[in-house]
1. Does the range 271-299 hold any residues that are hydroxyl-bearing (Ser, Thr, Tyr) and farther than 18 Å from PHE320 by Cβ, and which are they?
2. Modelled with pLDDT under 85, hydrophobic (A, V, I, L, M, F, W, C) and under 21 Å from the mean Cα position of the chain (by Cα): which single residue out of PHE42, PHE59, PHE19 fits that description?
3. Need the failing condition index for THR2 against (1) surrounded by fewer than 18 Cβ atoms within 10 Å (Cβ to Cβ); (2) polar (S, T, N, Q); (3) modelled with pLDDT of 90 or more, just the number.
4. Quick check on my filter: what residues within the range 348-369 are in a helix (DSSP H, G or I), surrounded by fewer than 24 Cβ atoms within 10 Å (Cβ to Cβ) and either of a type in the set (Gly, Ala, Ser) or in contact (Cβ under 8 Å) with a residue 60 or more places away in the chain (or both)?
5. Check SER151, SER182 and return the single one that is among the polar types (S, T, N, Q), buried (at least 18 other Cβ atoms within 10 Å of the Cβ), modelled with pLDDT under 90 and in a helix (DSSP H, G or I).
6. Restrict the check to the range 245-252 and report whether at least one residue is modelled with pLDDT of 85 or more and surrounded by fewer than 22 Cβ atoms within 10 Å (Cβ to Cβ).
7. Output the helices (runs of 4 or more DSSP H) that fall wholly within the range 241-304 and possess 2 or more residues being touching a Pro at 6+ places or on another chain (Cβ under 9 Å) and on the phi < 0 side of the Ramachandran plot, or say none.
8. When you look at VAL180, is it of a type in the set (A, V, I, L, M), closer than 24 Å to GLY349 by Cα and in contact (Cβ under 8 Å) with a residue 60 or more places away in the chain, yes or no?
Amino acid sequence: MTNNKINISKTLPVLFGFFVMGFCDVVGITASHVKEDLLNGFSPEFRDTLSNMIPVALFLMFLIFSVPTGILMNRIGRKKTVLLSNAITIVAMFMPLIEYSFIMTLLAFALLGVANTILQVSLNPLLTNVVKGDQLTSSLTAGQFVKAISSFSAPFIAAFAGGMLSNWQYIFPIYALVTVLSTVWLMATPIEEDAVENTSTSFAQVFGILKDKTILMLFLGILFVVGVDVGLNTAAPKILMERCGLNSIEAGYGPGVYFAMRTLGAFLGAFILAKFSSSNFFKLNMIVAVIALITLMFVGEKYFIFTLYGIIGFTIANIFPIIFGMAIQAHPDKGNEISGLMITGVFGGAVIPFFMGILSDAMKSQTGAILVILFSAVYLLLLSLFKKYTATNK
């Protein structure tokens, strides 16, 4: 077993890219602000449906661009693909400042979705070029921890922009500046990439892997775990505004609590999963998450709701990498294709909020949104109970 040392000077700029990857999680805060700022002229029955189109626009891009990004990466290399995603992110972050309207915000987050898709497909493989051997798994976990810190900090950056800078929208140029720093740092770092075998993989071949029932179930698991994550991120401020009478800035701390505990969960998960069965950890976390979501349907006290957000954030923190690892281990000979396919499942961040908006408008309550999230969590619980899909991770 090899035990290669980490080249810190090359690893840090790649890990910093995971912070940029976390920018997509500002979508929940943005949806709440857009609903409050721009949709007051619309019928109340459609405000949730319209505001939830923002995460739909972002995460729809994962369905469209994941596989093409893999093909592009084989042609121009991983580092250039990451830099391309950063350039698109910078453009997207300035669009709401050019014109703050619902349509422009929708377009900006669609473009951010394109950038984030490219980044998620290319950044993990780039990390494998600077970290080898026994250190790779811990470095990949570190990357997810950095992404979680980014997600956790978003509500506080929005609150800082709204308070100190008098406009929450200044979160966008702050993010653009961070992306510029990430770009310059990575450009200045020489990275020798592994040679890519000159083989062509078609869309049909990649999606044909879904004929394997195990991969299909795990793919749906990715779709639903991202749906739970983005869905609660999107609904959390609205629930607090509806039930507790908070304004959009105060309610923005709801996702902050969720992401704080998700960050803690990701950090502790790296140590827990090194000692305990990931399949049993999967089951335990989903049992607790389902109980917390059922409880969330009936409570109206502010601090109780914050507590439930924290519990759900902690329990959901490691589910994505667990399912992702199960899929790779199911067919290690098709690791690249399965990786691209699983990232396509991030499209769940578009599907679940779309149905959340429809049901919450139909019920005239955010309880409808919670029901959709609960359905997703129940699927994950059932998936964790099927030994066929978890046998490789005992």
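1. THR295
2. PHE59
3. Failed condition: (3).
4. Residues of the range 348-369 that are in a helix (DSSP H, G or I), as a first pass: 348-363, 367-369.
Then keep just the ones that are surrounded by fewer than 24 Cβ atoms within 10 Å (Cβ to Cβ); that gives 351, 354-355, 358-359, 361-363, 367-368.
Scanning the range 348-369 gives VAL351, PHE354, ILE358, ASP361, ALA362, THR367, GLY368.
5. Working: SER182 fails: modelled with pLDDT under 90.
Among SER151, SER182, only SER151 is among the polar types (S, T, N, Q), buried (at least 18 other Cβ atoms within 10 Å of the Cβ), modelled with pLDDT under 90 and in a helix (DSSP H, G or I).
6. Scanning the range 245-252, I find at least one residue that is modelled with pLDDT of 85 or more and surrounded by fewer than 22 Cβ atoms within 10 Å (Cβ to Cβ), so the answer is yes.
7. 248-251, 253-272
8. Values: of a type in the set (A, V, I, L, M): yes; closer than 24 Å to GLY349 by Cα: no; in contact (Cβ under 8 Å) with a residue 60 or more places away in the chain: yes.
Answer is no for this residue.
The values are calculated or read from the model by the stated rules, or taken from the named source; none is laboratory data. Note that the structure is a prediction, hence the values are computed from the model and not measured. Note that we place each Cβ from the backbone using ideal geometry, even for glycine, and neighbour counts take in every protein chain shown.
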